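First comes the structure, then the notes that go with it.
The values are calculated or read from the model by the stated rules, or taken from the named source; none is laboratory data. Quick caveat, the model's predicted, so the values are computed rather than measured. Backbone-built Cβ (ideal geometry, glycine too); neighbour counts: all protein chains shown.
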Ligand code: ADP
(Lines give C-alpha, C1' and ligand atoms only; values in the text may rest on other atoms or scores of the structure.)
Protein backbone atom coordinates (compact mmCIF):
# COMPACT_ATOMS: atom_id res chain seq x y z
CA UNK A 1 0.00 0.00 0.00
CA UNK A 2 2.78 2.51 0.98
CA UNK A 3 4.79 1.44 -1.98
CA UNK A 4 1.99 2.05 -4.46
CA UNK A 5 1.29 5.41 -2.84
CA UNK A 6 4.97 6.32 -3.15
CA UNK A 7 5.09 5.30 -6.82
CA UNK A 8 1.95 7.34 -7.53
CA UNK A 9 3.46 10.39 -5.80
CA UNK A 10 6.73 9.97 -7.78
CA UNK A 11 4.84 9.65 -11.05
CA UNK A 12 2.86 12.78 -10.18
CA UNK A 13 6.08 14.67 -9.36
CA UNK A 14 7.72 13.59 -12.66
CA UNK A 15 4.60 14.59 -14.60
CA UNK A 16 4.53 18.01 -12.89
CA UNK A 17 8.26 18.46 -13.61
CA UNK A 18 7.80 17.74 -17.33
CA UNK A 19 4.71 19.93 -17.49
CA UNK A 20 6.61 22.81 -15.89
CA UNK A 21 9.57 22.34 -18.20
CA UNK A 22 7.38 22.29 -21.26
CA UNK A 23 5.59 25.42 -20.06
CA UNK A 24 8.89 27.12 -19.17
CA UNK A 25 10.36 26.25 -22.58
CA UNK A 26 7.31 27.58 -24.32
CA UNK A 27 7.56 30.84 -22.34
CA UNK A 28 11.28 31.04 -22.97
CA UNK A 29 10.73 30.53 -26.68
CA UNK A 30 8.07 33.23 -26.72
CA UNK A 31 10.38 35.60 -24.81
CA UNK A 32 13.24 34.93 -27.26
CA UNK A 33 10.94 35.54 -30.22
CA UNK A 34 9.76 38.80 -28.64
CA UNK A 35 13.38 39.81 -28.02
CA UNK A 36 14.29 39.08 -31.63
CA UNK A 37 11.26 40.97 -32.83
CA UNK A 38 12.20 43.95 -30.68
CA UNK A 39 15.79 43.89 -31.93
CA UNK A 40 14.59 43.68 -35.52
CA UNK A 41 12.27 46.65 -34.96
CA UNK A 42 15.10 48.60 -33.33
CA UNK A 43 17.41 47.88 -36.27
CA UNK A 44 14.69 48.86 -38.75
CA UNK A 45 14.07 52.14 -36.88
CA UNK A 46 17.77 52.92 -36.93
CA UNK A 47 18.01 52.10 -40.67
CA UNK A 48 14.94 54.30 -41.32
CA UNK A 49 16.38 57.16 -39.25
CA UNK A 50 19.70 56.93 -41.16
CA UNK A 51 17.88 56.87 -44.50
CA UNK A 52 15.79 59.87 -43.46
CA UNK A 53 18.92 61.70 -42.34
CA UNK A 54 20.57 60.91 -45.69
CA UNK A 55 17.54 62.22 -47.63
CA UNK A 56 17.51 65.35 -45.48
CA UNK A 57 21.23 66.02 -45.91
CA UNK A 58 21.08 65.36 -49.63
CA UNK A 59 18.13 67.69 -50.12
CA UNK A 60 20.06 70.60 -48.56
CA UNK A 61 21.15 73.37 -50.95
CA UNK A 62 24.23 73.95 -48.81
CA UNK A 63 27.17 71.60 -49.00
CA UNK A 64 27.64 69.68 -45.75
CA UNK A 65 30.78 67.95 -44.56
CA UNK A 66 30.99 66.06 -41.27
CA UNK A 67 34.37 64.97 -39.96
CA UNK A 68 34.84 62.49 -37.13
CA UNK A 69 37.14 63.02 -34.13
CA UNK A 70 40.09 61.71 -36.20
CA UNK A 71 39.36 64.38 -38.85
CA UNK A 72 38.25 61.75 -41.32
CA UNK A 73 35.19 62.36 -43.49
CA UNK A 74 32.11 60.78 -41.92
CA UNK A 75 29.55 62.32 -44.26
CA UNK A 76 29.58 64.51 -47.37
CA UNK A 77 26.18 65.38 -48.81
CA UNK A 78 25.26 65.61 -52.49
CA UNK A 79 25.52 69.43 -52.64
CA UNK A 80 29.07 69.26 -51.24
CA UNK A 81 30.10 66.70 -53.87
CA UNK A 82 28.50 68.81 -56.62
CA UNK A 83 30.28 71.96 -55.45
CA UNK A 84 33.64 70.22 -55.64
CA UNK A 85 32.78 68.05 -58.66
CA UNK A 86 33.41 64.79 -56.74
CA UNK A 87 31.86 61.44 -57.60
CA UNK A 88 33.82 58.95 -55.50
CA UNK A 89 33.11 57.74 -51.95
CA UNK A 90 34.75 60.13 -49.47
CA UNK A 91 34.00 58.38 -46.20
CA UNK A 92 37.11 57.58 -44.18
CA UNK A 93 39.40 59.96 -46.09
CA UNK A 94 40.93 63.15 -44.73
CA UNK A 95 39.99 66.46 -46.37
CA UNK A 96 43.42 66.66 -47.99
CA UNK A 97 43.21 63.09 -49.36
CA UNK A 98 39.71 63.66 -50.71
CA UNK A 99 40.10 67.15 -52.18
CA UNK A 100 43.81 67.97 -52.41
CA UNK A 101 42.84 71.49 -51.38
CA UNK A 102 45.24 72.96 -48.83
CA UNK A 103 43.19 76.05 -47.98
CA UNK A 104 40.28 73.86 -46.86
CA UNK A 105 42.62 71.67 -44.85
CA UNK A 106 44.01 74.82 -43.18
CA UNK A 107 40.45 75.83 -42.37
CA UNK A 108 39.85 72.47 -40.66
CA UNK A 109 43.01 73.15 -38.61
CA UNK A 110 41.68 76.57 -37.63
CA UNK A 111 38.38 75.05 -36.43
CA UNK A 112 40.41 72.54 -34.45
CA UNK A 113 42.27 75.39 -32.75
CA UNK A 114 39.47 77.96 -32.31
CA UNK A 115 36.34 75.83 -32.03
CA UNK A 116 34.59 77.66 -34.89
CA UNK A 117 35.23 79.72 -38.02
CA UNK A 118 32.38 81.80 -39.45
CA UNK A 119 31.82 83.45 -42.86
CA UNK A 120 35.11 82.25 -44.32
CA UNK A 121 35.28 83.02 -48.06
CA UNK A 122 36.93 80.38 -50.14
CA UNK A 123 37.75 80.57 -53.84
CA UNK A 124 37.62 77.18 -55.53
CA UNK A 125 41.00 76.09 -56.81
CA UNK A 126 39.79 75.40 -60.39
CA UNK A 127 39.39 77.99 -63.15
CA UNK A 128 35.64 78.35 -62.67
CA UNK A 129 35.86 81.60 -60.63
CA UNK A 130 33.52 80.13 -58.04
CA UNK A 131 33.34 81.37 -54.46
CA UNK A 132 32.05 79.58 -51.37
CA UNK A 133 31.22 80.85 -47.93
CA UNK A 134 32.11 78.35 -45.19
CA UNK A 135 30.79 78.19 -41.64
CA UNK A 136 32.50 75.55 -39.53
CA UNK A 137 32.29 74.44 -35.91
CA UNK A 138 33.52 71.69 -33.62
CA UNK A 139 30.89 69.21 -32.36
CA UNK A 140 30.90 67.89 -28.77
CA UNK A 141 28.99 64.97 -27.25
CA UNK A 142 26.86 65.23 -24.06
CA UNK A 143 29.93 64.52 -21.92
CA UNK A 144 31.74 67.48 -23.49
CA UNK A 145 34.08 65.22 -25.48
CA UNK A 146 35.12 66.41 -28.95
CA UNK A 147 33.16 64.34 -31.44
CA UNK A 148 34.06 65.91 -34.77
CA UNK A 149 33.64 68.94 -36.99
CA UNK A 150 30.79 70.21 -39.12
CA UNK A 151 31.41 72.41 -42.17
CA UNK A 152 28.60 74.07 -44.15
CA UNK A 153 29.35 75.46 -47.64
CA UNK A 154 27.22 78.12 -49.31
CA UNK A 155 27.74 79.02 -53.00
CA UNK A 156 28.59 82.75 -53.15
CA UNK A 157 29.43 82.90 -56.86
CA UNK A 158 26.25 84.66 -58.00
CA UNK A 159 26.50 87.20 -55.19
CA UNK A 160 30.14 87.89 -56.03
CA UNK A 161 29.29 88.36 -59.71
CA UNK A 162 26.52 90.82 -58.81
CA UNK A 163 28.90 92.66 -56.53
CA UNK A 164 31.49 92.90 -59.30
CA UNK A 165 28.87 94.07 -61.83
CA UNK A 166 27.70 96.73 -59.38
CA UNK A 167 31.27 97.93 -58.76
CA UNK A 168 31.99 98.07 -62.50
CA UNK A 169 28.74 99.94 -63.06
CA UNK A 170 29.53 102.53 -60.40
CA UNK A 171 33.06 102.95 -61.79
CA UNK A 172 31.70 103.35 -65.34
CA UNK A 173 29.02 105.83 -64.29
CA UNK A 174 31.52 107.93 -62.37
CA UNK A 175 33.88 107.92 -65.32
CA UNK A 176 31.12 108.82 -67.81
CA UNK A 177 29.91 111.66 -65.58
CA UNK A 178 33.37 112.94 -64.81
CA UNK A 179 34.42 113.36 -68.47
CA UNK A 180 31.83 115.99 -69.50
CA UNK A 181 31.88 117.57 -66.03
CA UNK A 182 35.62 118.20 -66.06
CA UNK A 183 35.34 119.66 -69.57
CA UNK A 184 32.59 122.03 -68.41
CA UNK A 185 34.63 122.98 -65.35
CA UNK A 186 37.78 123.60 -67.41
CA UNK A 187 36.03 125.83 -69.96
CA UNK A 188 34.13 127.79 -67.29
CA UNK A 189 37.43 128.49 -65.47
CA UNK A 190 39.12 129.59 -68.70
CA UNK A 191 36.19 131.89 -69.46
CA UNK A 192 36.37 133.38 -65.97
CA UNK A 193 40.13 133.83 -66.31
CA UNK A 194 39.59 136.23 -69.20
CA UNK A 195 38.54 134.25 -72.26
CA UNK A 196 35.07 135.80 -71.92
CA UNK A 197 36.55 139.10 -73.12
CA UNK A 198 37.13 137.63 -76.55
CA UNK A 199 33.61 137.14 -77.98
CA UNK A 200 34.72 134.63 -80.62
CA UNK A 201 36.56 132.40 -78.13
CA UNK A 202 33.76 132.82 -75.59
CA UNK A 203 31.17 131.67 -78.12
CA UNK A 204 33.23 128.58 -79.02
CA UNK A 205 33.76 127.67 -75.36
CA UNK A 206 30.11 128.18 -74.50
CA UNK A 207 29.14 125.83 -77.32
CA UNK A 208 31.45 123.17 -75.90
CA UNK A 209 29.89 123.71 -72.49
CA UNK A 210 26.41 123.43 -73.97
CA UNK A 211 27.30 120.18 -75.79
CA UNK A 212 28.66 118.64 -72.62
CA UNK A 213 25.65 119.64 -70.52
CA UNK A 214 23.46 117.96 -73.15
CA UNK A 215 25.66 114.91 -72.89
CA UNK A 216 25.27 114.86 -69.10
CA UNK A 217 21.53 115.25 -69.46
CA UNK A 218 21.35 112.35 -71.93
CA UNK A 219 23.50 110.17 -69.72
CA UNK A 220 21.36 110.85 -66.67
CA UNK A 221 18.18 110.14 -68.64
CA UNK A 222 19.62 106.83 -69.90
CA UNK A 223 20.80 105.91 -66.40
CA UNK A 224 17.37 106.57 -64.94
CA UNK A 225 15.72 104.51 -67.71
CA UNK A 226 18.09 101.60 -67.24
CA UNK A 227 17.75 101.63 -63.48
CA UNK A 228 13.93 101.68 -63.76
CA UNK A 229 14.02 98.85 -66.34
CA UNK A 230 16.37 96.75 -64.23
CA UNK A 231 14.40 97.17 -61.06
CA UNK A 232 11.28 96.27 -63.08
CA UNK A 233 9.63 99.49 -62.02
CA UNK A 234 8.66 100.03 -65.65
CA UNK A 235 5.68 97.93 -66.56
CA UNK A 236 4.91 97.55 -70.23
CA UNK A 237 1.46 98.69 -71.28
CA UNK A 238 0.55 96.16 -73.98
CA UNK A 239 -1.73 97.39 -76.78
CA UNK A 240 -2.04 96.60 -80.50
CA UNK A 241 0.71 98.62 -82.22
CA UNK A 242 1.01 99.23 -85.95
CA UNK A 243 4.76 98.88 -86.47
CA UNK A 244 4.89 100.58 -89.85
CA UNK A 245 3.28 103.73 -88.43
CA UNK A 246 5.75 103.64 -85.54
CA UNK A 247 8.79 103.27 -87.86
CA UNK A 248 7.57 106.21 -89.97
CA UNK A 249 7.31 108.35 -86.82
CA UNK A 250 10.85 107.37 -85.74
CA UNK A 251 12.17 108.16 -89.25
CA UNK A 252 10.56 111.59 -89.15
CA UNK A 253 12.08 112.26 -85.68
CA UNK A 254 15.56 111.32 -86.98
CA UNK A 255 15.20 112.92 -90.42
CA UNK A 256 17.61 115.77 -89.69
CA UNK A 257 20.30 113.47 -88.35
CA UNK A 258 20.00 111.26 -91.43
CA UNK A 259 20.13 114.24 -93.78
CA UNK A 260 23.28 115.51 -92.12
CA UNK A 261 24.97 112.27 -93.14
CA UNK A 262 23.05 111.89 -96.37
CA UNK A 263 21.71 108.57 -95.16
CA UNK A 264 18.57 107.21 -96.83
CA UNK A 265 15.92 105.83 -94.47
CA UNK A 266 13.84 103.03 -96.02
CA UNK A 267 10.84 101.09 -94.67
CA UNK A 268 10.41 97.54 -95.94
CA UNK A 269 7.80 96.50 -93.50
CA UNK A 270 4.44 94.94 -94.34
CA UNK A 271 1.41 95.86 -92.26
CA UNK A 272 2.29 94.19 -88.93
CA UNK A 273 0.40 94.62 -85.68
CA UNK A 274 2.33 93.71 -82.52
CA UNK A 275 1.11 93.50 -78.94
CA UNK A 276 3.47 96.02 -77.39
CA UNK A 277 4.00 99.22 -75.46
CA UNK A 278 4.16 101.81 -78.28
CA UNK A 279 6.29 104.32 -76.30
CA UNK A 280 8.85 101.69 -75.35
CA UNK A 281 9.08 100.21 -78.86
CA UNK A 282 9.46 103.75 -80.18
CA UNK A 283 12.53 103.99 -77.89
CA UNK A 284 13.88 100.64 -79.20
CA UNK A 285 13.48 101.65 -82.85
CA UNK A 286 14.88 105.13 -82.20
CA UNK A 287 18.01 103.70 -80.53
CA UNK A 288 18.61 101.16 -83.31
CA UNK A 289 17.96 103.58 -86.18
CA UNK A 290 20.03 106.29 -84.47
CA UNK A 291 22.94 103.81 -84.12
CA UNK A 292 22.54 102.72 -87.74
CA UNK A 293 22.85 106.37 -88.82
CA UNK A 294 25.65 107.11 -86.34
CA UNK A 295 27.82 104.09 -87.09
CA UNK A 296 26.68 103.56 -90.69
CA UNK A 297 28.58 105.14 -93.57
CA UNK A 298 27.88 108.58 -95.01
CA UNK A 299 25.67 108.40 -98.13
CA UNK A 300 24.57 104.98 -96.97
CA UNK A 301 21.13 103.57 -96.27
CA UNK A 302 19.24 102.25 -93.29
CA UNK A 303 16.44 99.75 -93.84
CA UNK A 304 13.81 98.74 -91.30
CA UNK A 305 11.98 95.57 -92.28
CA UNK A 306 10.18 92.67 -90.68
CA UNK A 307 7.91 89.67 -90.99
CA UNK A 308 5.63 87.38 -89.07
CA UNK A 309 7.53 84.23 -88.04
CA UNK A 310 6.24 80.64 -88.31
CA UNK A 311 5.74 80.51 -84.55
CA UNK A 312 3.44 83.54 -84.64
CA UNK A 313 5.87 86.24 -83.48
CA UNK A 314 6.84 89.45 -85.21
CA UNK A 315 10.47 89.86 -86.18
CA UNK A 316 11.80 93.32 -86.96
CA UNK A 317 15.25 94.19 -88.32
CA UNK A 318 17.24 97.41 -88.61
CA UNK A 319 20.00 97.17 -91.19
CA UNK A 320 22.78 99.52 -92.20
CA UNK A 321 25.59 99.31 -94.75
CA UNK A 322 28.36 100.71 -92.55
CA UNK A 323 31.62 99.12 -91.40
CA UNK A 324 29.77 96.60 -89.17
CA UNK A 325 30.81 95.10 -85.86
CA UNK A 326 33.85 92.84 -85.34
CA UNK A 327 32.91 89.20 -84.48
CA UNK A 328 34.45 89.34 -80.98
CA UNK A 329 32.21 92.31 -80.07
CA UNK A 330 28.91 90.84 -81.30
CA UNK A 331 28.04 89.24 -77.96
CA UNK A 332 29.10 92.27 -75.97
CA UNK A 333 27.42 95.25 -77.63
CA UNK A 334 24.29 94.77 -75.46
CA UNK A 335 26.34 95.15 -72.25
CA UNK A 336 26.11 98.41 -70.34
CA UNK A 337 28.84 100.85 -71.41
CA UNK A 338 30.40 98.46 -73.90
CA UNK A 339 31.57 100.23 -77.03
CA UNK A 340 33.64 98.92 -79.90
CA UNK A 341 35.31 102.29 -80.29
CA UNK A 342 34.96 104.44 -77.16
CA UNK A 343 36.22 107.67 -78.68
CA UNK A 344 33.97 107.34 -81.73
CA UNK A 345 30.90 106.63 -79.61
CA UNK A 346 31.56 109.64 -77.34
CA UNK A 347 32.24 111.90 -80.34
CA UNK A 348 28.83 110.95 -81.64
CA UNK A 349 27.21 111.70 -78.29
CA UNK A 350 26.74 108.02 -77.37
CA UNK A 351 26.30 106.97 -73.75
CA UNK A 352 27.07 103.28 -74.24
CA UNK A 353 23.67 102.43 -72.75
CA UNK A 354 21.44 102.48 -75.85
CA UNK A 355 21.60 98.77 -76.75
CA UNK A 356 21.34 97.72 -73.13
CA UNK A 357 18.08 99.71 -72.90
CA UNK A 358 16.91 98.06 -76.15
CA UNK A 359 17.60 94.61 -74.71
CA UNK A 360 15.73 95.32 -71.46
CA UNK A 361 12.67 96.69 -73.25
CA UNK A 362 12.48 93.81 -75.72
CA UNK A 363 12.88 91.27 -72.92
CA UNK A 364 10.16 93.00 -70.91
CA UNK A 365 7.88 92.19 -73.88
CA UNK A 366 8.98 88.54 -73.77
CA UNK A 367 10.98 89.03 -76.97
CA UNK A 368 14.61 88.47 -77.96
CA UNK A 369 17.22 90.72 -79.53
CA UNK A 370 20.36 89.83 -81.47
CA UNK A 371 22.75 91.17 -84.07
CA UNK A 372 24.43 89.84 -87.19
CA UNK A 373 27.31 91.54 -88.86
CA UNK A 374 30.20 90.89 -91.19
CA UNK A 375 32.95 93.48 -90.94
CA UNK A 376 32.73 95.83 -93.87
CA UNK A 377 29.24 94.66 -94.78
CA UNK A 378 27.11 96.53 -92.26
CA UNK A 379 25.22 95.41 -89.20
CA UNK A 380 21.66 94.09 -88.83
CA UNK A 381 19.90 94.19 -85.47
CA UNK A 382 16.86 91.93 -84.98
CA UNK A 383 14.20 91.83 -82.29
CA UNK A 384 10.99 89.90 -81.78
CA UNK A 385 7.67 90.93 -80.27
CA UNK A 386 4.44 89.07 -79.61
CA UNK A 387 1.99 89.46 -82.51
CA UNK A 388 -1.47 90.87 -81.96
CA UNK A 389 -3.77 88.18 -80.61
CA UNK A 390 -6.50 87.48 -83.18
CA UNK A 391 -10.02 87.84 -81.76
P1 LIG B 1 26.45 104.06 -77.83
O2 LIG B 1 25.84 105.10 -76.99
O3 LIG B 1 27.93 103.98 -77.70
O4 LIG B 1 25.99 104.08 -79.24
P5 LIG B 1 25.03 101.53 -77.68
O6 LIG B 1 24.74 100.68 -76.50
O7 LIG B 1 23.89 102.04 -78.47
O8 LIG B 1 25.94 102.69 -77.15
O9 LIG B 1 25.98 100.69 -78.64
C10 LIG B 1 27.10 100.04 -78.13
C11 LIG B 1 28.22 99.96 -79.16
O12 LIG B 1 27.83 99.04 -80.19
C13 LIG B 1 28.51 101.24 -79.87
O14 LIG B 1 29.41 102.03 -79.13
C15 LIG B 1 29.12 100.78 -81.18
O16 LIG B 1 30.50 100.49 -80.96
C17 LIG B 1 28.41 99.45 -81.44
N18 LIG B 1 27.31 99.60 -82.43
C19 LIG B 1 26.00 99.76 -82.14
N20 LIG B 1 25.27 99.82 -83.29
C21 LIG B 1 26.15 99.69 -84.31
C22 LIG B 1 26.03 99.66 -85.73
N23 LIG B 1 24.85 99.80 -86.35
N24 LIG B 1 27.17 99.50 -86.47
C25 LIG B 1 28.37 99.36 -85.87
N26 LIG B 1 28.54 99.37 -84.52
C27 LIG B 1 27.46 99.53 -83.75
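Observations
- Residue satisfying all of: in segment 311-329; out of contact with any strand residue (DSSP E or B) (no Cβ under 6 Å at 6 or more places or on another chain) and closer than 24 Å to residue 363 by Cα; farthest from the ligand (Cβ to nearest atom) among these: 311
Residue by residue, here is whether (1) in contact (Cβ under 8 Å) with a residue 12 or more places away in the chain; (2) surrounded by 11 or more Cβ atoms within 10 Å (Cβ to Cβ); (3) under 22 Å from residue 158 (Cα atoms) holds:
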{"position": "41", "(1), (2), (3)": "no, no, no"}
{"position": "48", "(1), (2), (3)": "no, no, no"}
{"position": "66", "(1), (2), (3)": "yes, yes, no"}
{"position": "78", "(1), (2), (3)": "yes, yes, yes"}
{"position": "87", "(1), (2), (3)": "no, no, no"}
{"position": "137", "(1), (2), (3)": "yes, yes, no"}
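- Criterion: outside any helix (DSSP H, G or I) and within 8 Å of the ligand (Cβ to nearest atom) - qualifying residue of 339, 344: 339
- Scanning segment 283-300 for residues that are near the ligand (Cβ under 8 Å from one of its atoms), assigned to a loop (DSSP other than H, G, I, E, B) and surrounded by fewer than 21 Cβ atoms within 10 Å (Cβ to Cβ) returns no hits.
- Screening 123, 87, 81 for residues that are over 24 Å from the mean Cα position of the chain (by Cα) and at pLDDT below 95 leaves exactly one candidate, 87.
- Residue 357 vs. criteria in contact (Cβ under 8 Å) with a residue 40 or more places away in the chain, part of a loop (DSSP other than H, G, I, E, B) and near the ligand (Cβ under 8 Å from one of its atoms): no
- Positions within segment 301-310 being touching a strand residue (DSSP E or B) at 6+ places or on another chain (Cβ under 7 Å) and more than 11 Å from the ligand (Cβ to nearest atom), in sequence order: 301, 303, 304, 305, 306, 307, 308, 309
- Sole exception among (1) surrounded by fewer than 14 Cβ atoms within 10 Å (Cβ to Cβ); (2) more than 8 Å from the ligand (Cβ to nearest atom); (3) assigned to a loop (DSSP other than H, G, I, E, B) for residue 349, by number: (2)
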